[in-house]
Amino acid sequence: MTSERMILHHYGEVSSTNDLIKEMADKGAPEWTTVVAQSQSAGRGRMGRRWHSPRGNLYLSVLFRPEILPSELPRMSILSSLAVFMALYRDKTPLNLKWPNDILLDGRKIAGVLLEGRTQGDRVDYVVLGIGINLKLQETDQAGELAGKTAAVEEFDSLIGVEDILDDLSRTLQKYCFAYRGSSWTAARAEWSKHAAWGRRSMIVDGIERVEGCPVKLTEGGSLILETDRGLITVQSGDLVEA
Amino acid sequence: MELKEIREILKLLKRYEIQDFSLQRGDNRVRIRRGGAVVERSAAAPASLVTMPEPAQAQAPQQPAVAEPTVPQETLSVGENQFLVTSPIVGTFYRAPSPESPPYVEVGTVVSQGTVLCIVEAMKIMNEIECEVNGKISALLVENAQPVEYGEPIFIVDLA
């Protein structure tokens, strides 16, 4: 089965779609190799955090081998989240983007992206793009620490199926994930900025460090500029949470 | 003087914006001047050359308080049989894939081309850095979860 360029491998449950793709990448799998799973037993987020992955949602990882410099890799965070956003976006749906790569519906997380790169010197070997999209609200999302923090596609489109989303993703990934230079990067950055939630009082939490301020714009490289009491600062990494 | 000690000194000089520093201990002498001046180190052991960048201060008029990441001028020379692994991106250095996992490598770990040494994270891209040479890790220059600049030395590998 293909979704245009994607070379699809469908699975029931896997440990983690990213881990599976990385194994394939190490064995020389081509660009656009894609693993789609119904559930993950060890789904991961940033720094090995658990990504709750019950059946009923969409979990996939796509392999890219972009001709990009390691220093340009952070742009993939902006580009891939824009691609997922555009695949889900419908007119008048209150979807927006949160730096660097979360997709929110009414402030609740509807999709997340985990990017893992492999570089040697100034050469990028590959980039694995892991995507988790909540299709249905799960009972487990309504309790505990996830309560009120998650959203699902069924809230604004109850008819769309996995195949439709894969088709849309194939198109938007093709459009945005290679736009890492020149005017196409400028345009993609502007598009991302148009759909981002700006001006909300937020905190960057990075380990034990916390900085409070309002996100105001992206830098040329895609970093976040935060307006704080001490002036504007540039943020390279960390979690953005509402203050 | 151990590299670890020099690393600690560099960190303190950066933090307190000290411009000129010298230390003599027996026959060993280290002098560090900030702003591109070369560090002198005289000792029986092979010399290391280190320069410190000025703190970022030149800012674009339209963005008065924003400091874009700059390429550091810090350099660290290593011996002929050593290889310096540097960070290819600005980000946060991690020794392990998760806080619970063991580090990818330790001092003394034998590595080969393609061995994953660490992660440098930037904007939630977990970027695994592979070793470019065969050898043994002889120094770890950055602590876990610390920010690194583009080109900043992170490991020294003794070549096989």
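The numbers here are math on the coordinates, done by the rules we state, and not lab data. Everything quoted here is computed from the prediction, not taken from an experiment. With ideal geometry, Cβ positions are generated from the backbone for all residues, glycine too; neighbour counts draw on all protein chains shown.
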Using a Gaussian network model of chain A whose springs link C-alpha atoms within less than 10 Å, name the residue from A:Ser193, A:Ser183, A:Ser223 with the highest mean-square fluctuation.
A:Ser183
For A:Arg118, list long-range residues whose amide hydrogen, built 1.01 Å from N in the peptide plane, is under 5 Å from its own amide hydrogen.
A:Asp125, A:Tyr126, B:Glu128
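For a quick check of your reading of the filter: which GluC sites (Glu not before Pro) in the range B:76-159 sit in a DSSP loop and have no more than 15 other Cβ atoms within 10 Å?
Details: sites: B:Glu80, B:Glu100, B:Glu106, B:Glu121, B:Glu128, B:Glu130, B:Glu132, B:Glu143, B:Glu149; in loops: B:Glu80, B:Glu100, B:Glu106, B:Glu132, B:Glu143, B:Glu149.
Those that pass, being in a loop and sparsely packed, are B:Glu80, B:Glu100, B:Glu106, B:Glu143.
Just add up the charged neighbours of A:Ser15: K/R +1, D/E -1, any other residue whose Cβ is under 13 Å from the Cβ of A:Ser15.
Details: positive: A:Lys22, A:Arg44, A:Arg50; negative: A:Glu13, A:Asp19, A:Glu23.
Combined, the nearby Lys, Arg, Asp and Glu give 0.
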In sequence order, calculated HN-Hα J values of the range A:27-33 (Karplus, 6.51, -1.76, 1.60; Hz; x Gly/Pro):
8, x, 4, x, 3, 6, 4
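Return the calculated 222 nm mean residue ellipticity for chain A, to the nearest 500 deg cm²/dmol, obtained by summing -39500 (n - 2.57) across DSSP H runs with n ≥ 4 and dividing by the residue count.
Working: 4 runs with 53 residues, N = 243.
Taking each H run of at least 4 residues, the total per residue is -7000 deg cm²/dmol.
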Sorting B:Val105, A:Val128, B:Val110, A:Val211 on the 10 Å Cβ count, fewest up front, what's the list?
B:Val110, A:Val211, B:Val105, A:Val128
The answer for the net charge of residues other than B:Pro103 whose Cβ lies under 12 angstrom from its Cβ, with Lys and Arg +1 and Asp and Glu -1, is -2
Neighbour count of at most 12 Cβ within 10 Å plus DSSP loop: longest GluC sites (Glu not before Pro)-free window in chain A
A:68-219
Sort largest first and round to whole Å: the equivalent ellipsoid semi-axes of chain A, each the square root of five times a Cα gyration tensor eigenvalue.
26, 23, 17
Residues with amide H under 5 Å from that of B:Thr115, placed H, sequence gap 5 or more:
B:Cys131
Can you give the Rg and Dmax of the range B:73-159 based on its C-alpha atoms, in angstrom?
12.1, 36
Note, B:Ser112: beta-carbon cut-off 12 Å, +1 each Lys/Arg, -1 each Asp/Glu, net -1
Among A:Thr93, A:Thr234, which comes first, then next, by fewest other beta-carbon atoms within 10 Å?
A:Thr93, A:Thr234
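Any of A:Lys22/A:Lys109; A:Lys98/B:Lys124; A:Lys98/A:Lys217; A:Lys136/A:Lys175 with alpha carbons more than 20 Å apart? Name them for me. Could the numbers behind the result be given before it?
Values: A:Lys22/A:Lys109 26 Å; A:Lys98/B:Lys124 12 Å; A:Lys98/A:Lys217 12 Å; A:Lys136/A:Lys175 27 Å.
Cα-Cα > 20 Å for A:Lys22/A:Lys109; A:Lys136/A:Lys175; rest within.
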Using a 10 Å cut-off around each Cβ, can you sort A:Trp198, A:Trp99, A:Trp185, A:Trp192 from fewest to most neighbouring Cβ atoms?
A:Trp198, A:Trp185, A:Trp192, A:Trp99
